[in-house]
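Read the structure below first, then the notes.
The values are calculated or read from the model by the stated rules, or taken from the named source; none is laboratory data. Nothing here was measured: the structure is a model prediction, and the numbers come from that model. We place every Cβ from the backbone using ideal geometry, glycine too, and count neighbours over all the protein chains shown. Heavy atoms of the whole protein, side chains included, go into the accessibility calculation; ligands, DNA and RNA do not. Shrake-Rupley method; radii C 1.70, N 1.55, O 1.52, S 1.80 Å.
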Amino acid sequence: MAGTRMPAIVFQGEGRWGLEERPQPSIRQPDEVLLQVEACGICGTDLHILEVPPGHPATPGVILGHEVIGRVVEVGPAVTHLRPGDRVAVAPNLYCGVCRFCQRGLYNHCEQFTTLGVFLDGGLAPYEVAPARALFPISPEIPLERAIFTEVLSTVVGGTLQIRLHPGESAVVLGCGPVGLLFIQVLRAGGAGALIAADIAPFRREFARQVGADMVVDPQTEDLESRVREVTGIGADVVVDAVGSLMTTALRLARPGGTVVLFGMNARARAEVAQYEITRRELRVVGSYVGRHTFPLAIQMLERGVIRPETLVTHRLPLSRFGEGLELLRRGEAVKVMMVPA
């Protein structure tokens with residue numbers, strides 16, 4: 001409705017955010033859809049955006065929030081696959097489809113790549129407008145606490161598809177935030193043998209045990225490399241850095257011929273790497289960025305109950321308590337904070 005205003009969490013510049021009144025968005029293009037937001041998760045990317053200096057870029061003035069589940073309110077005249085009332089998950093990363101990388105199928109490297117909730121207005125608000133191509137129907141029967149993981153699970157699937165771990169192979173996951181915990185669940189569902197997790201926060205280590213890790217290590221008080229070799233004998237078949245700054249650790253933990261997946265992102269992190277070790281030990285080092293064509297598979301996993309991450313939602317908060325949610329995550333006292341537009 002024209003003139004209607006709504007509360008929204010807005011990025012105000014380096015290290016700053018605010019709860020502002022914004023005009024309720026409306027459809028402006030024929031392929032757009034107006035959504036009523038059911039919930040929006042706070043992501044590690046949001047934390048990096050609000051760091052000083054920032055660990056991830058964003059557009060000042062944008063409404064944050066890219067992990068969105070919503071209901072269709074209105075569709076543009078060119079939209080044919082959605083109707084008002086449909087429940088959808090938002091795939092926030094948008095691509096042009098015609099640049100040199102898109103034409104090679106590498107749309108996550110699109111030359112015009114942009115993201116809802118980071119560079120364009122997102123879902124930390126009661127309403128959001130998104131292009132229809134970014135919306136994927138998801139069953140209304142799935143609990144909201146499970147559905148909210150669709151976006152982040154889709155990125156994890158992008159990483160696990162590159163690993164192609166075989167049943168019985170060993171894996172180490174570094175970092176037990178939502179991403180690391182989802183890696184544990186997906187690797188376990190895929191038949192991982194010994195599954196080892198490491199995190200400095202006791203709160204998160206306990207969740208790693210709950211979701212299926214065989215061994216959970218505190219790298220501040222234990223020799224992680226010794227513990228991994230104690231279990232595997234030769235090092236892990238697969239090591240995942242879900243933090244974004246642990247490449248040197250990950251390389252040490254992998255067996256000769258093993259695979260290291262660099263998933264976590266921190267633009268300020270730097271690592272000193274001995275290239276000789278990678279060559280001599282024939283390590284396979286893979287970067288994984290958001291994934292390609294992974295939303296349908298992630299939704300399928302959630303709808304069929306193969307992955308049940310709802311126990312990872314530790315806090316459900318209204319937009320007015322966004323700051324509290326941030327601090328809980330920064331202190332390692334929350335796993336997934338889900339914001340609802342109340």
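Of the residues making up region 107-136, those that are open to solvent by 20 Å² or more (accessible area, probe 1.4 Å) and either in contact with a Lys or Arg (Cβ under 7 Å, 6 or more places away or on another chain) or of a type in the set (Asp, Glu) (or both) number 3.
Return the only residue of Ala298, Ala271, Ala267 being touching a helix residue (DSSP H, G or I) at 6+ places or on another chain (Cβ under 8 Å), farther than 18 Å from Glu225 by Cβ and in a loop (DSSP other than H, G, I, E, B). Outline the logic, then answer.
Working: Ala298 fails: in a loop (DSSP other than H, G, I, E, B); Ala271 fails: farther than 18 Å from Glu225 by Cβ.
Answer to the selection: Ala267.
Checked against (1) open to solvent by 40 Å² or more (accessible area, probe 1.4 Å); (2) in contact (Cβ under 8 Å) with a residue 12 or more places away in the chain; (3) over 22 Å from the mean Cα position of the chain (by Cα), Phe101 meets all criteria but (2). From the list Thr114, Thr59, the one residue that fits, being of a type in the set (Val, Ile, Thr) and within 21 Å of Glu20 (Cα to Cα), is Thr59. Picking from residues in region 237-253 that are without any contact (Cβ under 8 Å) to a residue 60 or more places away in the chain and not in a loop (DSSP other than H, G, I, E, B), the one that is surrounded by the fewest Cβ atoms within 10 Å (Cβ to Cβ) is Thr248. Filter region 255-302 down to the residues that are of a type outside the set (Val, Ile, Thr) and open to solvent by 90 Å² or more (accessible area, probe 1.4 Å) and list them by number. Those that are of a type outside the set (Val, Ile, Thr) and open to solvent by 90 Å² or more (accessible area, probe 1.4 Å): Met265, Arg268, Arg270, Glu272, Gln275, Tyr276, Arg280, Glu282, Arg284, Arg292, His293.
Among the residues of region 310-319, is any outside any helix (DSSP H, G or I) and buried (at least 21 other Cβ atoms within 10 Å of the Cβ)?
Narrowing region 310-319 to residues outside any helix (DSSP H, G or I): 313-318.
Pick out the ones that are also buried (at least 21 other Cβ atoms within 10 Å of the Cβ) and you get 313.
Among the residues of region 310-319, at least one is outside any helix (DSSP H, G or I) and buried (at least 21 other Cβ atoms within 10 Å of the Cβ), which makes the answer yes.
Gly235 meets the conditions (1) over 24 Å from the mean Cα position of the chain (by Cα); (2) closer than 28 Å to Thr314 by Cβ in every case but one. The failed one is (2).
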